[in-house]
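Asker: Quick one: the structure is below, questions incoming.
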Amino acid sequence: MLRPAMANEQRVLTPSQTSVIRRLRFSSDLKLRRHFMLTDEPVRANLRFGLLLEVLDKLAEDAALRYVRRSYPTARVVTAAMDSMRVRGVPDETRDMILRARVNLVGTTSLEVGIRIEQPGHADEPVLHVASCYFTMVARLRDEDGTERSVPLPGLNYRSKLDRSRADRARLRRESHRLYVDAADAPPSAEEYALLRRLHEAQEQPGANIPLASTLSAGGWERTYVEHENVPHKIFGGYVAHRAYMYAHICSEMVASHRALLVSVDRINFYQPVRMGDKLHFVSHVAFTGNTSITVETSITRISRDRKSTALSNVCTFTFVNVDAQLHPKPVPEIYPTTYAEDARYLAGYRRHQAHLALNSPARIE
């Protein structure tokens, strides 16, 4: 039985000592820049955010693994959740992108890795803060009999005020998610019930020609292969998130009159491990629309290679904003749910939207 290194065998790290930095050299590596471009046309924010999700998940793994292996040299880490991502600036594919990862908080067997995405400015321009995102990783160890188990982790030394503040925000994110899960099952308030009733009554009007939620969906199938492998026999979570984003973006374009630009990714939970040879069924639904925003929910069902096991693997929620060529927000039509499932998705999107407005989100969701 392996045990963690004792406190007197190694020093306790501060969060800043867990930092891992990666630079995407878009300014000089033209092949890399083209690989990340959404289109070969000269448009602003010409960046494949889905592909960036893969890079971010891998970087989070690298940062977590470097920390965990100080205590367990043969341990692995798996992504339990991508807690959130907020896009705060317009990316420029001609400028280098710097990804700064660090461990913000260590729990019993899990740890949160935060990643700040920046782009250096030209000349006297300030550094551009493109986005921030957070991953929850779990340390795993395979015993001699082949069984896997989670392992306890040594804590961090939150020495500075900034470190303590980041750790407190990480705890708050965990608690906020628990509260959100509890609230998601709450029945509609009087205001929410009146909203849903109005949407249903509008569909009963003679000659109503309105966008029904039931017509706003997209999906497809994927099969996993060796190149998608992360830990042995299990598939890289970033690949799954990338494909989910792709289907969500296609779905959002059913509503967007101009261009759908990503503004946020809500928590992605990885409920089930995905293994090589599995089939993945992606289904995206437009769940809610604000004045200019579009919320898309994507569910991912895993079907095992032997077809004996079918389970929900992930649920992802992406929010886009409808923008013109100058990235000015443009209005989107209101959508109309009909079924109970559509009502539930709409209500969840509405509550999420109201929470964003209350916080005056820098992403300017409307």
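Asker: For residues in the range 38-65 being more than 30 Å from E112 (Cβ to Cβ) and of a type in the set (D, E, K, R), which is nearest to the chain's Cα centre (by Cα)?
Answerer: This residue is R44.
Asker: Just name the residue that is farthest from H356 (Cα to Cα) out of those in the range 120-138 that are surrounded by 17 or more Cβ atoms within 10 Å (Cβ to Cβ) and within 20 Å of the chain's Cα centre (by Cα).
Answerer: Checked the range 120-138; the qualifying residue farthest from H356 (Cα to Cα) is V138.
Asker: Report, ordered by the first and then the second residue, all pairs with beta carbons closer than 7 Å, sequence separation of six or more or different chains, a first member in the range 243-270 that is closer than 18 Å to P329 by Cα, and a second member that is among the aromatic types (F, W, Y) and outside any strand (DSSP E or B).
Answerer: Between residues of the range 243-270 that are closer than 18 Å to P329 by Cα and residues that are among the aromatic types (F, W, Y) and outside any strand (DSSP E or B), the close pairs are L262/F49.
Asker: Name the single residue, out of those in the range 10-23 being open to solvent by 50 Å² or more (accessible area, probe 1.4 Å) and part of a helix (DSSP H, G or I), that is nearest to N104 (Cα to Cα).
Answerer: Restricting to residues being open to solvent by 50 Å² or more (accessible area, probe 1.4 Å) and part of a helix (DSSP H, G or I), the top hit is S16.
Asker: May I pose another question? Quick check on my filter: what residues within the range 303-327 are within 24 Å of the chain's Cα centre (by Cα) and open to solvent by 50 Å² or more (accessible area, probe 1.4 Å)?
Answerer: T310, L312
Asker: Next question, about the same structure. Out of curiosity, is D57 in contact with a Pro (Cβ under 7 Å, 6 or more places away or on another chain) and among the charged types (D, E, K, R)?
Answerer: No, not satisfied.
Asker: Of the numbered conditions (1) over 30 Å from Y346 (Cα atoms); (2) at pLDDT below 90; (3) open to solvent by 40 Å² or more (accessible area, probe 1.4 Å); (4) more than 25 Å from the chain's Cα centre (by Cα), L141 fails exactly one; give the number of that condition.
Answerer: (3)
Asker: Considering L195, L141, L199, which residue is in a strand (DSSP E or B), touching a residue at least 40 places away in the same chain (Cβ under 8 Å) and of a type outside the set (G, A, S)?
Answerer: Result: L141 is the single residue among L195, L141, L199 that is in a strand (DSSP E or B), touching a residue at least 40 places away in the same chain (Cβ under 8 Å) and of a type outside the set (G, A, S).
Asker: If I filter the range 70-102 down to residues being among the acidic types (D, E) and open to solvent by less than 30 Å² (accessible area, probe 1.4 Å), which single residue comes out as farthest from the chain's Cα centre (by Cα)?
Answerer: Residue satisfying both the conditions and the ranking: D96.
Asker: I'd like to know if the range 223-240 contains one or more residues that are open to solvent by less than 70 Å² (accessible area, probe 1.4 Å), modelled with pLDDT of 90 or more and not acidic (D, E).
Answerer: No, the range 223-240 contains no residue that is open to solvent by less than 70 Å² (accessible area, probe 1.4 Å), modelled with pLDDT of 90 or more and not acidic (D, E).
Asker: Of the residues that make up the range 345-364, is at least one open to solvent by less than 40 Å² (accessible area, probe 1.4 Å), at pLDDT below 90, touching a His at 6+ places or on another chain (Cβ under 8 Å) and farther than 30 Å from P273 by Cβ?
Answerer: Looking through the range 345-364, at least one residue is open to solvent by less than 40 Å² (accessible area, probe 1.4 Å), at pLDDT below 90, touching a His at 6+ places or on another chain (Cβ under 8 Å) and farther than 30 Å from P273 by Cβ.
Asker: Just to be sure before I move on: is V43 open to solvent by 40 Å² or more (accessible area, probe 1.4 Å) and either over 18 Å from L111 (Cα atoms) or hydroxyl-bearing (S, T, Y) (or both) in the structure I sent?
Answerer: yes
The values are calculated or read from the model by the stated rules, or taken from the named source; none is laboratory data. Computed from a predicted model, the values in this text were never measured in an experiment. Here Cβ is always computed from backbone atoms with ideal geometry, including for glycine, and neighbour counts include all displayed protein chains. These accessible areas exclude ligands, DNA and RNA; they are computed on the full protein's heavy atoms, side chains included. Shrake-Rupley method; radii C 1.70, N 1.55, O 1.52, S 1.80 Å.
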